[in-house]
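Below: one structure, written as structure tokens.
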Amino acid sequence: MLYSGPAFSVTALGDGIVELKFDLAGESVNKLSQAALRDFDAATQAIAKDGSVKGVVVTSAKSVFIVGADITEFGTMFAAGEEAIARGVLEVNRILCRFEDLPVPTVIAINGVCLGGGLELALAGDYRVMSTAASVGFPEVKLGIFPGFGGSVRMPRIIGIDNAVEWICAGADKKPDAALKDGAVDAVVAPDQLRDAAISMVKQCVAGKLDWQGRRAAKLAPLKLNQIEQTMAFNSSLAFVGAQAGPNYPAPILAIKNMQEAATLGRDAALEVEAKYFARAAVTPQANALTGVFMADQGVKKAAGAWEKKSKKEIKQAAVLGAGIMGGGIAYQSAFKGTPIVMKDIRDDALALGMNEAGKLLAKQVEKGRMTPAKMSETLGRIRPTLNYGDFGSVDIIIEAVVENPKVKKAVFAEVEGLVRDDTIIASNTSTISISHLAEGLKRPQNFVGMHFFNPVNMMPLVEVIRGKQSSDEAVAATVKLASKMGKTPVVVNDCPGFFVNRVLFPYFAGFHMLLRDGADFVAVDKVMEKFGWPMGPAYLMDVVGMDTAVHAAEVMAQGFPDRMRHEWKNTTQVLVENQRFGQKNGKGYYVYAPDKKGKPKKSVDPVTYELIKGVVAARKEFKPEEIIATCMVPMVNEVARCLEEKIVASPYEADMSLLYGIGFPPFRGGACRYVDQMGAANFVAMADRLAPLGKLFEAPQLLRDMAASGKKFFG
Ligand SMILES: NC(=O)c1ccc[n+]([C@@H]2O[C@H](COP(=O)([O-])OP(=O)(O)OC[C@H]3O[C@@H](n4cnc5c(N)ncnc54)[C@H](O)[C@@H]3O)[C@@H](O)[C@H]2O)c1
């Protein structure tokens, strides 16, 4: 063996060919940590020193090729400031350039996932062969950065400007055929032929049948297009990508500007430009938030995994009670992901509607070519609609999704508990009612949990699994396992009215109602909050949620937290509901809705709304955007902190991910806790204190006051 290190080894294969193999010790995947990169450098230098080497193939001993850079190292790296970041990536680039400059041909055998830094390493080789089982791509923009280990320099030189812009700015994974078509790889072969194909290719280079020096020279030179062609290509990319990404996601634009500035330069000077722009992207709050989101997502999945391990139960058969908006969605999702489900309602028409909805969603999958018609009917066959409890003796879990009324729900539980096995789990999809309260009167409260899906079920990734006072570990764990199997991200929370997500959402709505009460225009509030990053402003969101549903839920929350969520004044949503304006569901809420060309509800402003609410709002007053943001966000963030204090949610990362996955909190802000971190707890508390006259919802809790005093952050 020519070289052996903790990540890389170099073995002679005969005829002067060596295999440089990546097998990161102690890890299930290969990633380019700083240590792995140093080892790669040592291996490269060992090859360079050995005069007998004629060609190199790079392989992976894991099922992936390289998943990317080690994102856990980004926090410290990015905190070091622009200059240090630029120096750091240039150091990595020197390592990759030493590999690229080896005096012998190099061929990369991409056997599996090859993303980000992994693909950048692959681009430093002369040729790339890819397995049909592999995927490649640059997902960096999803982290608020762009490829900074030479990827933005080499990619346009290999596949052209337009393709490189698309690969880098869209951040999508590419399948082998797409990678081959664009020229990012040179051959695609079956997995079992990959190694031989790579060896054969390097031998062809050695034999002079492939012009590896010519290929390499093209990567070292400036881009081939002339100045006018370049200007046209980059300017149209800037306009298109700028419009797609929007002002809150600067990384794709920085990537293009960098490529434009580096286009006329040779490799080494171009890498200097890349380092400068990369560092600029890495210090943005968006990069901080988005890398935080990546880490938090991993944390949430790990926590769910730990719960799943505690469950001995296999959920083979599920049932859902209620075939309405939620019940229908739950049945679809369960069937789609392979768990058969009985759907029970008391109304035939509701069952028909539920089946129809599921059918429509599946037909869309078929239309998009993601599912065959045969698979569609197989999936639909997994949903068994029924008006009676005939089959309930064999179900492992029942998900209750009947109307949001504790009396109705309790009556339903009493009814089903006698019909099911002793170990059948009963899970309620209630959005607000305390699980421990609903468990009162149950014979087996240990089998009872909350399983809170979000609307629309097929789209929203979050499921809150609520642990009531008496819920057993097994019931929680099995429910978590089912949520994961249904393709959702479960977060286990403790019980209280509204659980975590709705408990913090309703204070946000309260802030919105106060703004309107005090004279703000709901259209202006929506505009500001959408610019802040929410997918829809609070008035629009009210319409989508359903105003009657929201008023009802607000009442449950007010009963639970009367000190701050009860209000003596009538709010605009209550007035609109009194006037039969329920939101999108009946075409009238804050806005009015009419179907657009595609049949989707399109909103427009309705003067009648202003007429109806004028009795409960003050004379129109202009609010500054920062006042609007503070009045909506402070109550939400305060409530998040209270939930952390009361351990309703276990950690800041679970809190932030629940908000992202449950209600679309702007990802580039990372979540409520990250929002406080970025602003500084002291600034947040000062902002809350300024709004103190608005009431108790605006009183920053002790946790935030302590953080403000100590300078501590939620994350690091
Ligand atoms: N709609 C949402 O956005 C949303 C989101 C999360 C949670 N939830 C919760 O999910 C539950 C259901 O809400 P929804 O919006 O689907 O309501 P929905 O009114 O659309 O559906 C309720 C269904 O339950 C049926 N039903 C009533 N009594 C029944 C019984 N005894 N047995 C079987 N079926 C019965 C009704 O016929 C109806 O089809 C509620 O607890 C709600 O709070 C709703």
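Normalised radius of gyration (Cα atoms, divided by 2.2 N^0.38 Å) for the chain: 1.07. What would the Debye equation give as log₁₀ I(q)/I(0) for the stretch 377-512 at q = 0.12 Å⁻¹, counting only Cα atoms as equal point scatterers? So the normalised log intensities work out to -0.47. Averaging over all projection directions, the Cα-based convex hull of the stretch 533-631 occupies 7.7 nm² in the image plane.
Taking 7 Å steps out from each Cα toward its Cβ at residue 310 and residue 386 produces label points 3.1 nm apart. Give the shape of the stretch 294-352 as rounded, prolate or oblate, defined through the alpha-carbon gyration tensor: a ≥ b ≥ c are the square roots of its eigenvalues, a/c under 1.5 means rounded, and otherwise the shape is prolate if a/b is larger than b/c and oblate if not. It comes out prolate by the Cα gyration axes.
Every helix of 4 or more DSSP H residues in the chain counts as -39500 (n - 2.57), and over all residues that averages to -16000 deg cm²/dmol at 222 nm.
Taking the C-alpha atoms only, the angle from helix 325-336 to the longest principal axis of the chain is near 40 degrees.
Considering every Cα-Cα pair within the stretch 476-525, what fraction, in whole percent, is farther apart than 17 Å? Result: 57 percent of Cα pairs exceed 17 Å.
Rounded if a/c is under 1.5, else prolate if a/b beats b/c, else oblate: with a ≥ b ≥ c from the C-alpha gyration tensor eigenvalues square-rooted, which is the stretch 569-625? In terms of gyration-tensor shape, oblate. Between residue 713 and residue 49, the simple spin-label model (points 7 angstrom out along Cα→Cβ) gives 4.1 nm.
Here the alpha carbons of the stretch 345-452 define both size measures, Rg and Dmax, at 16.2, 49 Å. Per-atom-type breakdown for the chain gives carbon and sulfur 56% of the accessible area (1.4 Å probe, protein chains only).
Quick one: angle between helix 82-100 and the longest Cα principal axis of the chain, in degrees between 0 and 90, rounded to 10, please. Between the helix axis and the principal axis of the chain, the angle is about 50 degrees. For the stretch 649-702 versus the stretch 226-286, the inter-centroid distance based on Cα atoms is 33 Å.
What does the C-alpha gyration tensor say about the overall shape of the stretch 291-405? Classify as rounded when a/c is under 1.5, otherwise prolate if a/b is larger than b/c, or oblate. Note, shape of the stretch 291-405 comes out oblate.
Looking at the stretch 416-552 alone, DSSP beta bridges between its own residues are antiparallel in about 30 percent of cases.
Qualifying trypsin sites (Lys or Arg not before Pro) in the stretch 318-406, where qualification requires a DSSP coil assignment and no more than 16 other C-beta atoms within 10 Å, comprise 337, 347, 368, 370. Computed over the stretch 230-350, the P(r) tail beyond 21 angstrom holds 66 percent of alpha carbon pairs. In whole percents, the pair-distance distribution calculated for the stretch 28-93 from its alpha-carbon pairs, binned every 10 Å from zero, is 17, 41, 30, 11, 1. With all protein chains kept in place, the per residue accessible area of the chain amounts to 41 square angstrom at a probe of 1.4 angstrom. Rg/Rh for the stretch 109-215 (Cα atoms only, Rh after Kirkwood) is 0.97. Between the stretch 40-118 and the stretch 338-365, the C-alpha centres lie 51 angstrom from each other. Helix 652-663 and the long axis of the chain differ in direction by around 70°, with both axes built from C-alpha atoms. Bridge orientation summary for the chain: considering DSSP beta bridges with both residues in this region, about 30 percent are antiparallel.
Of all beta bridges that DSSP places with both ends in the stretch 452-520, some 25 percent have antiparallel geometry. Relative contact order of the chain, taken over Cα pairs closer than 8 Å and 6 or more residues apart, is 9 percent. Kirkwood's formula applied to the C-alpha pairs of the stretch 335-397 gives a hydrodynamic radius of 12.5 angstrom. In terms of overall dimensions, the C-alpha atoms belonging to the stretch 585-696 reach 43, 37, 24 Å along their principal axes, ordered largest to smallest.
The values are calculated or read from the model by the stated rules, or taken from the named source; none is laboratory data. Treat the numbers as computed from the prediction; the structure is a model and nothing was measured. Virtual Cβ from ideal backbone geometry, glycine too; neighbours counted across all protein chains shown. Heavy atoms of the whole protein, side chains included, go into the accessibility calculation; ligands, DNA and RNA do not. Shrake-Rupley method; radii C 1.70, N 1.55, O 1.52, S 1.80 Å.
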